[in-house]
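Here's the structure we're looking at; comments come further down.
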Amino acid sequence: MPEMLENEANDSGSDPLGQSLSQTFYSDETLYGRELAWLRENMWFVVGHESQIALPGEYFLYEFDRESVIVVRDHAGRINAHYNVCRHHGSRICTQTGGLLRTLTCPYHAWSYDLDGTLRTAPFAPEDFDKTQYSLAPCHVRVHCGLICLSFAQVAPDFDSYIGFITRELQLQDLQRAKIAKRSMFSVDANWKLVVENNLECYHCGPAHRTYCTAHPGIPLGRPEEYVTQARSDRVRRVRAGAGTEESRQFRPAMVGHSSRNFHYLVRQVIGKDVETESVDGRRVAPLMGRSTYDGVQTMGLASPLNSIVLNPDHAVVYNFTPRSVRKTDIEAFWLVKGTATAGIDYDESKVSAVFEPTLKEDKILVENAQLGIESSAYRPGPYIESESFVSEFDRWYLRHIVNKGV
Amino acid sequence: MPEMLENEANDSGSDPLGQSLSQTFYSDETLYGRELAWLRENMWFVVGHESQIALPGEYFLYEFDRESVIVVRDHAGRINAHYNVCRHHGSRICTQTGGLLRTLTCPYHAWSYDLDGTLRTAPFAPEDFDKTQYSLAPCHVRVHCGLICLSFAQVAPDFDSYIGFITRELQLQDLQRAKIAKRSMFSVDANWKLVVENNLECYHCGPAHRTYCTAHPGIPLGRPEEYVTQARSDRVRRVRAGAGTEESRQFRPAMVGHSSRNFHYLVRQVIGKDVETESVDGRRVAPLMGRSTYDGVQTMGLASPLNSIVLNPDHAVVYNFTPRSVRKTDIEAFWLVKGTATAGIDYDESKVSAVFEPTLKEDKILVENAQLGIESSAYRPGPYIESESFVSEFDRWYLRHIVNKGV
Amino acid sequence: MPEMLENEANDSGSDPLGQSLSQTFYSDETLYGRELAWLRENMWFVVGHESQIALPGEYFLYEFDRESVIVVRDHAGRINAHYNVCRHHGSRICTQTGGLLRTLTCPYHAWSYDLDGTLRTAPFAPEDFDKTQYSLAPCHVRVHCGLICLSFAQVAPDFDSYIGFITRELQLQDLQRAKIAKRSMFSVDANWKLVVENNLECYHCGPAHRTYCTAHPGIPLGRPEEYVTQARSDRVRRVRAGAGTEESRQFRPAMVGHSSRNFHYLVRQVIGKDVETESVDGRRVAPLMGRSTYDGVQTMGLASPLNSIVLNPDHAVVYNFTPRSVRKTDIEAFWLVKGTATAGIDYDESKVSAVFEPTLKEDKILVENAQLGIESSAYRPGPYIESESFVSEFDRWYLRHIVNKGV
């Protein structure tokens, strides 16, 4: 992580923040094609949690661009990812979004593959047919602290520099032994960068997110960096109440980091005074995860512009943005709780998601309106305000690494 | 008006009327893009009537191409038009089709504008932020005899030569003090020129418009110019019954006029013998407007190929065609009655619109069938008949001014 | 027929069957445009059966690409095909999918044509208007053994070499005096070649067609050529039971033939032992057609890649594939029974279609999954198996005649 960062802390203070991007970046089909190719070659994508496919033969599908990938646990307990394309005539093999299977059998001509992707049977194939030449095409896959990550690149990008940024936090949360409490997915009629930019500032939280502001009662309207200051000032007290050096490492300041292949950030912030976790009333909604306490502090991490993770004392939210077309982006979110917790007894999934799900849906409307306005001939790039510094950083990173390198 | 007209009266009698346009004019995407750019730079659009926004803060949106414009009355009573694009990050500011507002506040980051478009508040902006640089982008707007007109051109085209053609008639009707009784909107799956051409001839009225023919009992099948002759022959009697010179000016013959930027026409015609107004049974449906009498005569005016106005003794119809794509056009119509009339007592909105609304919907089906047929390889331009002379004029004007100049 | 065939019997045995086509053939828009133009100029299309329009004035519409054609029987009993485009302003004349008419009258301006396409009336046309110059544009049409065939080519391709391949079989079935028992139509989200390829092999029947396999109890999983062998071995017995030389000609082996303009095949196969016809329980579902017997043998013919005919002892199925876009193909099927049979007494239409209709709908799902998988970057052409030899032949024919000549 260290050397890949160009500026670890967000200290562009005296520099001008610049302006929003011009119209073409949100509407040009050709540029979108180049962006998609770049994202494909340079990104890892968090696509799920291994608790979703706990049993051998359990699988789910993930789709990106024109790809469909089968993520399946095999009989040895390993998680494999295969392109969902039969080696005979190209048919999709799995047509449900998930389930439990003994073998991967194509519905067209019944070619059948083991869960590790090797071809088991090709009916009526000639005697000398070499089945070893017809395994399913593998997709790059890594499982890290329970999170299942895919890459569609020809040569997979370095995984540690992708996720290492937040590894310690995931481990402290014991994310590996978590389980999924809820999933939610919706489509946004806006360019993926508008969705990313929206996710990088809380300047809009005051005007637009009533529930979120209820959960964060001390939220300074549109000034997320003050959260960090609060976290810092709370640090000494909390560290003393805690177990010492290990925890003290948690309370580092907000970081924004980027390399030529990725854009990260990590923020520790106080949710609110006298608050236990991020919930509608501030009270706990599930058992504590890992080594956390109900201290009202949360970690917000960006594993990439397209993958975000929020760690609260008793639950986590992972949400992903998937570009679908120049003007369409899908959002998928899943909420994680302690793996041993029981639904209906230890937690209520609707309470676990009661703050973040409406917030994401409100964001959908906001960015759709931004897309529409930006497509007007009257749109001119506007000035970024101090609390939008991460957006400004992202835009500069995007222009330098995706647009320029893509040319 | 005078010098801009190339031929004021429709006297192309001995000239051949020519043939309908070839397929490409109704289906070519590139040509459509050029047409849209031309219309944008050269046209005014009637978008509503000021009675719709009688109170300060009342507004409605109008959309054209990728533009959305807020038409709003300010506290000084003026009608303003602003592009619906926030100067901060480009979001749409108003997201409802209309309503009543105190300020124009962006739902995204709460930048707030006065009704005249000046930026009032930009939360958390720096001390030295110059708000005067961030007013909403203005759209050209004129209010004429109560009709609100917009132009999306960089330099607004001359307004008088656009609407002056019909000003006297609008004044006689006292359109400025009218009010809207009903609105109706529908989409047509056809190129905008087919919708315009349909509106320029009544050759199809006999075969296709049963209700319209009931309201116009003496309609000579497909020969609208005879109406004018009838109007002329009625002229003497009517003028004597009227107030003299002023009214006599009304009874000019049908005119078709065009300049390099616009195409007009104006027709005075007898609706039918023993008829009071254009209604299903010929009887009055609302109080008299302006200086009119229930004389069964109507004025049909084309302010531009895209904007039509029909003035009957007791109600008016304004209807607009808005190109949406090469094969899609929206039609919006609104019906006006005397401003002091009370709905349910002085008029019944369903009776006011009972002739023209079904006629427009029948036209929708007719032009959709024409679009489909014209896209066949078997389509060949066909001959115009005498009663289609306005269509022929329009096609020639279009070819000369939009296609050639657009190249 | 003889000389147009390059290889009459399928004897590519020792040659490699090759691999499936690469991705671009199923997804490229430009290539699709060229294919459509080629199909248009080189193909006849079976569009219906003359029993559908038994009375003078009965008509139906057929659509291909942007064309709509009126197929109508005139007062002389002849079947005509006219492009559904008025010669005045291009409108569609018929807007229903079928019906009964005295004249073809355009709904727009009431130009009226006789059923043979000659212009009868053009209201308000000038005295010297030459109506003979404005007949409806004719579409190439042939009626053969009751089947109505259209060509959209400028110069119609040779008809005998198109349908002659299966003429004898159609005559033996007395298809000319048949009638339509049922029609069915559905859209497939896949390239037309995937639909054609699916129709050329039964390798998928075992895994994918439960009902079809019930009707064909002896079906060797994915080895249709064995049917032919069965037919051959049954030949002597059956011929002896039959009427001699005439019938013996029926039992020729499977043929696949192609010319530069078309691709055919013809297969005679035993449906199953102790089976009378192709039905769910193997029992008869309608009266015998023509000179057939309930012998459990069927003829499957491909009049072109897009037109298939299955002849069973008591019913026939004709089904057509119509390309609609690079990723969309329509399937239309109709079932024919003996012309004198009475619905509800002699046959039940749901039993007549009980095998083939679900089979076509299952095929729809299969090829849609193939389309999706082939669009993945992981797709690689896969090996054809022996029972896919017709598919391999078709691909080679397509590459040679449509792709190369189209360049």
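The values are calculated or read from the model by the stated rules, or taken from the named source; none is laboratory data. Computed from a predicted model, the values in this text were never measured in an experiment. As a convention, Cβ positions derive from the backbone with ideal geometry for all residues, glycine included, and neighbour counts pool all protein chains shown. Heads up: the accessible areas ignore ligands, DNA and RNA and are worked out on the full protein's heavy atoms, side chains in. Shrake-Rupley method; radii C 1.70, N 1.55, O 1.52, S 1.80 Å.
Miscellaneous remarks
- Criterion: more than 14 Å from every other protein chain (Cβ to nearest Cβ) and either of a type outside the set (A, V, I, L, M) or in a loop (DSSP other than H, G, I, E, B) (or both) - qualifying residue of C:Ile345, C:Ile331: C:Ile345
- For the range A:42-81, a tally of residues being of a type in the set (Gly, Ala, Ser) and in a strand (DSSP E or B) returns 3.
- Residue list for the range B:382-392, filter: open to solvent by 10 Å² or more (accessible area, probe 1.4 Å) and either among the basic types (Lys, Arg) or under 21 Å from the mean Cα position of the chain (by Cα) (or both): B:Ser389, B:Phe390
- Identity of the residue in the range A:183-210, away from every other protein chain (no Cβ under 14 Å) and open to solvent by 40 Å² or more (accessible area, probe 1.4 Å), that ends up nearest to A:Gly146 (Cα to Cα): A:Arg183
- Of the criteria (1) more than 9 Å from chain A (Cβ to nearest Cβ); (2) hydroxyl-bearing (Ser, Thr, Tyr); (3) in contact (Cβ under 8 Å) with a residue 40 or more places away in the chain, which one C:Tyr384 fails: (1)
- Screening C:Ser259 with (1) surrounded by fewer than 21 Cβ atoms within 10 Å (Cβ to Cβ); (2) at pLDDT below 95; (3) more than 20 Å from the chain's Cα centre (by Cα) gives one miss only, at (3).
- Qualifying residue in the range C:113-120 (condition: more than 8 Å from chain B (Cβ to nearest Cβ), charged (D, E, K, R) and either under 34 Å from the mean Cα position of the chain (by Cα) or within 16 Å of B:Gly373 (Cβ to Cβ) (or both)): yes
- So B:Glu41, is it without any contact (Cβ under 8 Å) to a residue 60 or more places away in the chain, open to solvent by 40 Å² or more (accessible area, probe 1.4 Å) and of a type in the set (Asp, Glu): no
- Subset of the range B:122-143 (residues that are under 30 Å from A:Leu17 (Cβ atoms), more than 11 Å from chain A (Cβ to nearest Cβ) and either open to solvent by less than 60 Å² (accessible area, probe 1.4 Å) or assigned to a loop (DSSP other than H, G, I, E, B) (or both)): B:Glu127, B:Asp128, B:Ser135
- Among residues of the range B:149-168 being surrounded by 21 or more Cβ atoms within 10 Å (Cβ to Cβ), out of contact with any Lys or Arg (no Cβ under 6 Å at 6 or more places or on another chain) and under 30 Å from B:Thr277 (Cα atoms), the one that is nearest to the other protein chains (Cβ to nearest Cβ) is B:Tyr162.
- Filtered by the rule that a residue be open to solvent by 10 Å² or more (accessible area, probe 1.4 Å) and not acidic (Asp, Glu), the range C:328-341 gives C:Lys328, C:Lys338, C:Gly339, C:Thr340.
- In the range B:282-327, the residues that are open to solvent by 30 Å² or more (accessible area, probe 1.4 Å) and assigned to a strand (DSSP E or B): B:Met300, B:Arg324, B:Ser325
- Residues satisfying the stated conditions in the range A:91-111, i.e. surrounded by 13 or more Cβ atoms within 10 Å (Cβ to Cβ), aliphatic (A, V, I, L, M) and out of contact with any Cys (no Cβ under 6 Å at 6 or more places or on another chain): A:Leu101, A:Leu104, A:Ala110
- Residue check, A:Gly146 more than 13 Å from chain C (Cβ to nearest Cβ), more than 27 Å from C:Lys364 (Cα to Cα) and in contact with a Lys or Arg (Cβ under 8 Å, 6 or more places away or on another chain): yes
- Residue in the range C:355-372 that is within 8 Å of chain A (Cβ to nearest Cβ), open to solvent by less than 40 Å² (accessible area, probe 1.4 Å) and either on the phi > 0 side of the Ramachandran plot or in contact with a helix residue (DSSP H, G or I) (Cβ under 8 Å, 6 or more places away or on another chain) (or both) present: yes
- Flag not set for B:Phe64, criterion: away from chain A (no Cβ under 14 Å), surrounded by 17 or more Cβ atoms within 10 Å (Cβ to Cβ) and touching a strand residue (DSSP E or B) at 6+ places or on another chain (Cβ under 7 Å).
- The set of residues in the range B:90-112 that are of a type outside the set (A, V, I, L, M), assigned to a loop (DSSP other than H, G, I, E, B) and more than 7 Å from chain A (Cβ to nearest Cβ) comprises B:Cys94, B:Gln96, B:Thr97, B:Arg102, B:Thr103, B:Cys106, B:Trp111.
- When A:Val195 is tested against (1) under 25 Å from A:Ala286 (Cα atoms); (2) part of a helix (DSSP H, G or I); (3) in contact with a strand residue (DSSP E or B) (Cβ under 7 Å, 6 or more places away or on another chain), just one condition goes unmet, and that condition is (1).
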